[in-house]
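Taking it in order: structure first as structure tokens, then the write-up.
Nothing in this text is a laboratory measurement; each read-out follows from the coordinates by a stated rule. All figures in this text were calculated on a predicted structure; none of them were measured in a lab. Reconstructed Cβ throughout: ideal geometry from the backbone, glycine too, with neighbour counts over all protein chains shown.
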Amino acid sequence: MQHITQNITAEEQMFRLFQENLDTLKGQEPESISRLRQKAAENFHKNGFPHEKTENWRFTSLDPLFQSEYHHDFTNQSRPFDIEKIFTCDVYDLDTFSVTLLNGWFVYKNAPLTRLSNGTIIGGLSKAMEVYPDLVEKYMGQAANLEQPGLAALNTAFFQDGLFIYVPRDVELEKPIQLINIVDSENPLMIHPRHLVVQEKNSKLTLVHCDHSLTHNVSFSNSLSETFLDEHAILDFYKIQNKGPNSAVINNAFFRQKHQSKLTSHSLILNGGFTKNMITATLEDPQTSAVLNGLSLVDSNQHADNQLLVDHVAPNCQSEQLYKGILDDEATAVFSGKIMVRKDAQKTLAYQNNKNILLTDDARANAQPQLEIYADDVKCSHGATVGQLDPEAMFYLRSRGLSERTARQMLMYAFAGEVVQRISIEPLRERIDHMVEKRLKGELTICDQCVLHCNSKEPTVFNIDASKL
Amino acid sequence: MAEEKNNEILDELTQSEYKYGFYTDIEMDQAPKGLTEDTIRFISAKKKEPEFMLEFRLKAFRHWKTLKEPKWAHVHYPPIDFQDIIYYSAPRKKPKYESLDQVDPELLETFDKLGIPLGEQKKLAGVAVDAVMDSVSVGTTFQKTLEEKGIIFCSFSEALQKHPELVKKHIGTVVPYTDNFYAALNSAVFSDGSFCYIPKGVRCPLELSTYFRINAANTGQFERTLIVAEEGSYVSYMEGCTAPMRDENQLHAAIVEIISKKDAEVKYATVQNWWPGDKKGKGGVYNFVTKRGLCEGENAKISWTQVETGSAITWKYPSVILMGDNSVGEFYSVAVTNNMQQADTGTKMIHLGKNTKSTIISKGISAGLSNNSYRGLVKTTRRAENARNFSQCDSLLLGDRCGAHTFPYVEVGNKSSIVEHEATTSKISEDQLFYCLQRGIDMEGAIGLIVNGYAKEVLSKLPMEFAVEAQKLLSISLEGSVG
């Protein structure tokens with residue numbers, strides 16, 4: 001494991017680290033990917049980390065994250081373990097094809113790469129680069145924007161492993177693929193997981209992506225995923241985050257959609273110290289659709305930032321964004337969503353909605369719902385509200401004899417329910433529904449899904465305190 | 001078929017020439033080109049300003065030199081050479097007139113062409129006019145009526161001579177010279193403007209109005225308006241603009257400061273119709289303005305209403321700082337862009353006091369190759385309990401090559417405030433058009449009707465005289481085109 005030394009800028013540190021470990025980072029990857037890596041590192045060195053003057057980072061400062069000295073695990077020294085012994089997914093009756101990343105490295109029992117009988121390939125990215133270099137080369141770096149100051153370039157410079165999925169033509173995967181991303185380290189750890197998902201024509205995939213931390217140690221996860229949906233491909237994507245208060249998670253998800261493909265994304269932040277989810281969906285061909293839903297339930301001094309860009313390049317496409325947040329204590333939430341309608345994207349239908357409830361005076365909500373439209377025959381709208389529970393609804397419930405606490409919990413549950421109801425996998429929806437309910441009652445802990453029973457610390461319970469409403 | 005007609009109409013609009021483009025030949029008293037401390041001393045000396053004003057200007061200038069031009073707006077223009085601008089020009093013949101008959105007839109003719117009734121008609125209309133032509137106030141009427149009430153309404157230079165203490169007390173309190181690049185520039189070189197002071201408890205009996213007009217070529221116009229409404233007073237202030245057709249870009253960087261004290265109310269309305277440049281985007285006025293109001297005391301109220309049809313580039317955000325408890329801020333705007341025009345406009349509502357309320361209604365209409373952006377900030381601080389905001393920003397697109405953008409910023413810092421923002425972007429509804437056509441209204445009439453209906457919510461907030469002018473302007477701006 002490597003140490004970062006102090007007294008030089010974080011950018012410079014990272015760049016030096018890159019140069020020192022270049023050979024390790026490259027591993028067995030194809031030449032073109034090494035070139036991409038080099039270019040990304042140079043871009044990062046030039047543009048640096050986003051700072052408070054960077055438009056989409058005005059309310060999300062990375063500064064506190066740099067107070068820790070991070071270790072890096074470039075050679076996969078995480079102790080291998082049997083994942084089932086320390087972690088079981090809480091969605092008991094959800095039958096999934098489950099894969100795990102530990103500290104950014106793909107964990108496997110038999111083989112790092114599995115090829116199912118229908119041709120689907122699931123496995124670790126680093127192995128995929130060895131076995132299917134052509135496939136990886138064709139897509140790697142084709143969706144991510146490496147030019148802007150930001151963490152996409154940093155990830156591209158440093159990534160080593162992650163999830164690789166290839167779904168061939170006409171294949172519909174019935175079982176969802178579940179990726180469990182675990183960080184477990186005694187030292188502060190910085191990781192750069194990278195995921196690549198390729199769906200050929202007419203394929204169908206459900207991907208559940210869960211972020212967890214097993215310890216309360218500081219970690220900084222800068223992940224990036226690129227997803228390519230070919231014609232008529234359907235992807236149902238879930239991102240569930242239930243992390244410790246000292247973890248920082250940055251997710252950069254890029255989706256490129258071809259003709260009549262359909263993306264549904266759900267991003268649920270139940271706990272997390274510092275979370276920034278960025279989604280870029282590019283609707284490249286006509287009749288594609290993208291639906292992005294999100295729910296953030298944050299308290300104490302958690303920070304949840306959702307940054308979305310739906311880029312309508314082609315005509316006759318549809319997109320919808322629904323993001324909701326409930327904020328307690330000193331929690332902060334940022335929503336910045338942009339609908340971009342390019343010149344020829346006529347007949348676009350695009351909607352965006354962001355609603356927040358603040359429970360305390362110290363919580364803060366910042367919303368920037370943006371429309372940038374260059375075509376005339378479109379219907380676009382956006383709305384953002386920040387407020388409290390509806391007093392009339394409250395009165396109604398109270399007049400029916402419910403206690404104030406129960407009434408408030410019901411209303412908050414209903415507020416969150418609008419997003420939860422959009423989850424289409426039934427067991428998952430029920431489970432999430434239950435988790436949200438527990439979360440609102442203050443009963444959900446980050447140790448909930450964990451069977452490790454780390455003896456060092458008490459389970460952390462975050463309360464959404466109904467009496468403060 | 002309907003589309004063809006539509007295109008025809010569109011072409012017609014986009015080709016319609018600027019109707020108020022003419023140029024008056026009056027001898028000018030100009031400062032040499034460029035900007036140095038000497039230019040500023042020249043301006044200050046020329047205007048026989050008190051010492052504090054010169055110091056203010058020099059401080060602003062020194063600060064300005066440390067600043068960089070901001071680039072964040074959604075507008076594009078070639079770099080401005082600030083040394084290639086004449087920072088002061090005044091009509092040379094400037095005797096003090098007793099009546100309008102003595103005024104330079106050429107000047108009067110200019111006003112006539114603009115349709116400004118700077119004569120007896122105004123009295124009947126109940127409007128006092130302080131006409132600013134190239135920075136220097138030329139004629140002021142109805143001073144008497146105002147004087148009786150103790151209202152001061154004069155040019156900024158005059159105010160500096162007669163009421164320096166009032167100016168000194170209030171200038172730069174709402175828009176400090178450190179505020180932004182163009183505010184610093186204006187603070188350093190502002191040539192003239194209007195000053196308005198309403199004493200305690202006085203309700204201004206007239207609608208105060210000023211007509212600004214850029215005249216000399218290559219002259220940046222840097223006016224400064226300061227409106228102070230003392231406790232319990234009320235004033236409605238109007239400003240309108242037209243500029244002659246010139247080929248070089250003219251920079252216009254004004255500052256408007258409004259101070260509304262306890263229980264006072266200020267209504268500020270503006271119709272801006274400066275030359276937008278020709279349809280290839282050549283020429284036109286750059287309108288980079290800082291407008292801000294401060295609701296200083298309890299129950300204070302400030303309302304901005306604007307109709308923006310002119311200027312090659314409009315870049316302004318009339319804002320309200322709601323400092324007093326229960327104070328109210330309003331912003332009503334119609335912005336029309338056509339051809340190559342660009343507008344990045346909106347408002348900022350900063351809620352500091354308790355129970356403060358703000359309303360934002362913004363209607364954008366873009367046609368041709370233009371880009372029209374709404375950019376707004378609604379911020380409630382922790383202390384601003386029960387703050388309430390409602391924002392509605394609609395955009396209408398006419399033609400498939402224009403752009404309409406919305407960039408609202410909502411920042412909420414306490415649990416009891418309610419902030420709502422909604423925006424829609426669409427083109428003219430086919431159903432509405434069909435309905436009108438089917439009732440025998442021609443395409444142009446139908447579009448005009450729909451657009452006027454669309455903007456009505458804002459137009460109805462304008463004072464009567466302005467509402468008529470604004471409606472005409474809207475029709476002219478979109479004439480034939482799409483309305």
Pull out a ≥ b ≥ c, the square roots of the eigenvalues of the alpha-carbon gyration tensor of the range A:120-273, then state rounded if a/c is under 1.5, prolate if not and a/b is larger than b/c, and oblate in the remaining case.
-> prolate
Quick one: if the Förster radius is 45 Å, what FRET efficiency do A:SER403 and A:ASP95 give, using the C-beta to C-beta distance and rounding to 0.05?
-> 0.70
What are the residues whose amide H is under 5 Å from the amide H of B:SER194, where those residues sit 5 or more places off or on another chain and H is modelled from the backbone?
-> B:PHE156, B:ARG224, B:THR225, B:LEU226
If you take the charge dipole of the range A:325-380 about its Cα centre, with +1 on Lys and Arg Cβ and -1 on Asp and Glu Cβ, which of A:ILE373, A:ASN354, A:LEU327 is farthest toward its positive end?
-> A:ILE373
Per-residue mean of other chain beta-carbon atoms within 10 angstrom of the beta-carbon, peptide A:349-356?
-> 1
With x for Gly and Pro, the residue-by-residue ³J(HN,Hα) of the range B:293-305, computed from phi through the Karplus equation 6.51 cos²θ - 1.76 cosθ + 1.60 at θ = phi - 60° and given in whole Hz, is x, 10, 8, 6, x, 5, 6, 6, 9, 10, 10, 9, 10
Could you give me the ³J(HN,Hα) list for the range A:285-291, computed from phi with Karplus coefficients 6.51, -1.76, 1.60 and θ = phi - 60°, whole Hz, x at Gly and Pro?
-> 10, x, 6, 8, 9, 9, 10
Amide H neighbours of B:ILE428 at under 5 Å, excluding residues fewer than 5 places away on the same chain, with H built from the backbone geometry, are B:LEU397
Which whole-Hz couplings ³J(HN,Hα) result when phi for each residue of the range B:391-406 is put into the Karplus expression 6.51 cos²θ - 1.76 cosθ + 1.60, θ = phi - 60°, listed in order with x for Gly and Pro?
-> 10, 9, 10, 10, 10, 10, 10, 10, x, 9, 10, 9, x, 9, 10, 9
Between A:LYS175 and A:LEU22, the two model label points (7 Å from Cα along the beta-carbon direction) sit apart by a distance in nm of 4.3
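Suppose the chain between A:TYR108 and A:ASP377 were pulled fully straight at 0.36 nm per residue; how much longer would it get relative to their current alpha carbon spacing?
On the way: separation 269, 0.36 × 269 = 96.84 nm, distance 5.10 nm.
In short, 91.7 nm is gained.
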Rg (Å, one decimal) plus Dmax (Å, integer) for the alpha carbons of the range A:218-317?
-> 14.7, 45
Can you give the mean number of other chain Cβ atoms that lie within 10 Å of the Cβ atoms in peptide B:374-385?
-> 1
Which distance in nm do the two modelled labels at B:HIS76 and A:GLU284 give, with both placed 7 Å along the Cα-to-Cβ direction?
-> 2.4
Fewest to most neighbouring Cβ within 10 Å: what's the order for B:ASP442, B:ASP192?
-> B:ASP442, B:ASP192
Using a Förster distance of 45 angstrom, determine the FRET efficiency expected from the C-beta separation of A:GLN148 and B:ARG383, and round it to 0.05.
-> 0.80
Placed amide H near A:LEU62: partners under 5 Å, 5+ positions off or other chain = none
What does the average come to when, for each residue of peptide A:358-370, you count the partner chain Cβ atoms lying within 10 Å of its Cβ?
-> 6
Give B:LYS348/B:LYS456; B:LYS46/B:LYS267; A:LYS53/A:LYS276; A:LYS338/B:LYS461; A:LYS324/B:LYS415; A:LYS276/B:LYS379 a once-over and call out the pairs whose C-alpha atoms are over 24 Å from each other.
-> B:LYS46/B:LYS267; A:LYS338/B:LYS461
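Can you give the alpha-carbon Rg of the range A:233-279 over 2.2 N^0.38 Å, where N counts its residues?
Output field value: 1.36.
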Measuring from the lowest to the highest alpha carbon on each principal axis, how far does the range B:266-377 reach, largest first, in angstroms?
-> 49, 17, 16
Estimated translational D of the range A:10-392 in µm²/s (Stokes, Kirkwood radius over Cα pairs; 10 °C; 1.306 mPa s) | 75
